[in-house]
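Before any comments, here is the structure.
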Amino acid sequence: MAQHADHPAYPVGLRLSGRRVVVVGGGQVAQRRLPSLIAAGADIVLVSPSAKASVEAMAAAGEIHWERRRYEEGDLAGAWYALIASSDPEANRTASAEAERDRVWCVRSDDAEAATAWTPATGRSEGVTVAVLTGRDPRRSAAVRDAIVEGLREGTLAAPHHRTRTPGVALVGGGPGDPDLITVRGRRLLAEADVVIADRLGPRDLLDELPPHVEVIDAAKIPYGRFMAQEAINSALIEHAKAGKAVVRLKGGDPFVFGRGMEEAQALAAEGIPCTVVPGISSSISVPGAAGIPVTHRGVAHEFTVVSGHVAPDDERSLVDWSALARLRGTLVLLMAVDKIGSIAQALIEHGKAPETPVALVQEGTTAAQRRVDATLATVGEVVRAEEVRPPAVIVIGDVVALGTGH
């Protein structure tokens, strides 16, 4: 059949669920293309005397049917689609001729001009399939695909839902501070929000990217009146969701790591409001890592414990067993503990922790203002005052402090 290079390919989405697809060849091309065909629900027959280990695993799992032999005339009978990708040029030509004769759409990995179909560079993001064709330049297709998918995932390419979006609230963990460390799902939900209620410790730079119509509410400035702060935030979430808005509660770190996210989720559930929880990168591990401190290390620490330090050890409200923590040999990570670190260090020493145990304080971790201050349990109270360490700061206690690139 004559090929017309000046005519573009006609893009179409094939619905292959339950329909016969034949793949000739079990090499690298099959390894790359089979997962998408499986995801499409196709009834896949692989014809090949051998196959890559990962392809063989697909057959062993029952995801494809494998005919362990060379291609034979008639193998494409009843097929809706064929992928010709064997290492045998003659078999590829013969199979392609059979596809042409029987009007089976056929992709040729070895000769795109002889094919009746081309495989686009595809990507997916939250129910959207992106397929890009640029003729004979597959690298450009992949580059365009990647740019579009990245934009959709990060929310920089705004494509909000208009038919299926359900009003509700998303509790989004914004990560430790660097806007690049929010999850792609969190960033996408931000781009689709009508209302964003943001914490002081959330990635504030992301708010500048929001469209003008998005209402941004600073949680610290919600009028509390007769309500406690958290109750007022819960009320605001409920009010905007009941008004039919898509609401994002943007929190620092992870919503459920000292973030009171469960209180908000429970309040929403009591009102019958749909709630989605989007985990975030917790500052308890990301901030030490950004400062060159591994919270665990082979031969040094086999566990790490994350503790809230907002209540002093001698406060009757404290739920922390400081004597048990002092006996641990691993790493202690303290959040919200800058103003209590002196009394915390004293309690740990009194319960048997060595005074010379290394301590690092990482202020404004992962941001441009990040700084690290080192001390020991014996000196940390005075060092915090002398160096004027201010919240937010993550405090790491243990031998891992003496390791890493930042020490």
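The values are calculated or read from the model by the stated rules, or taken from the named source; none is laboratory data. Everything quoted here is computed from the prediction, not taken from an experiment. Note: ideal-geometry Cβ built from the backbone for every residue, glycine included; neighbour counts use all protein chains shown. Calculation scope for accessible area: heavy atoms of the full protein, side chains included, ligands and nucleic acids excluded. Shrake-Rupley method; radii C 1.70, N 1.55, O 1.52, S 1.80 Å.
In region 353-371, the count of residues that are surrounded by 21 or more Cβ atoms within 10 Å (Cβ to Cβ), within 15 Å of T305 (Cβ to Cβ) and in contact with a Pro (Cβ under 8 Å, 6 or more places away or on another chain) is zero. Residues in region 296-318 that are farther than 18 Å from A402 by Cβ and under 29 Å from the mean Cα position of the chain (by Cα): T305, V306, V307, S308, G309. The set of residues in region 289-305 being in contact with a Leu (Cβ under 8 Å, 6 or more places away or on another chain) and open to solvent by 20 Å² or more (accessible area, probe 1.4 Å) consists of P294, H297, V300, E303, F304, T305. Within region 275-294, restricting attention to residues that are part of a loop (DSSP other than H, G, I, E, B) and under 20 Å from the mean Cα position of the chain (by Cα), the residue that is farthest from A360 (Cα to Cα) is P279.
When V333 is tested against (1) open to solvent by 30 Å² or more (accessible area, probe 1.4 Å); (2) at pLDDT 95 or above; (3) within 19 Å of D254 (Cα to Cα); (4) out of contact with any Gly (no Cβ under 8 Å at 6 or more places or on another chain), just one condition goes unmet, and that condition is (1).
The number of residues in region 377-391 that are of a type outside the set (A, V, I, L, M, F, W, C) and open to solvent by less than 40 Å² (accessible area, probe 1.4 Å) comes to 1. Taking each residue of region 378-407 that is modelled with pLDDT of 95 or more and looking for partners that are exposed (fewer than 14 other Cβ atoms within 10 Å of the Cβ) with beta-carbon atoms closer than 8 Å, six or more apart or interchain, yields A378/P355; A378/E356. Against the conditions (1) within 30 Å of V214 (Cα to Cα); (2) in contact with a Lys or Arg (Cβ under 7 Å, 6 or more places away or on another chain), A291 satisfies every one except (1). Checking the stated criteria, A326 turns out not to satisfy the condition of being out of contact with any Gly (no Cβ under 7 Å at 6 or more places or on another chain), open to solvent by less than 20 Å² (accessible area, probe 1.4 Å) and either within 22 Å of G174 (Cβ to Cβ) or modelled with pLDDT of 95 or more (or both). Highlighted here are the strands (runs of 3 or more DSSP E) found entirely within region 295-407 that include at least 2 residues which are among the hydrophobic types (A, V, I, L, M, F, W, C) and either out of contact with any strand residue (DSSP E or B) (no Cβ under 7 Å at 6 or more places or on another chain) or closer than 24 Å to F256 by Cβ (or both): 304-308, 331-335, 393-397. Residue count for region 239-287 satisfying the condition of being open to solvent by 30 Å² or more (accessible area, probe 1.4 Å) and hydrophobic (A, V, I, L, M, F, W, C): 11.
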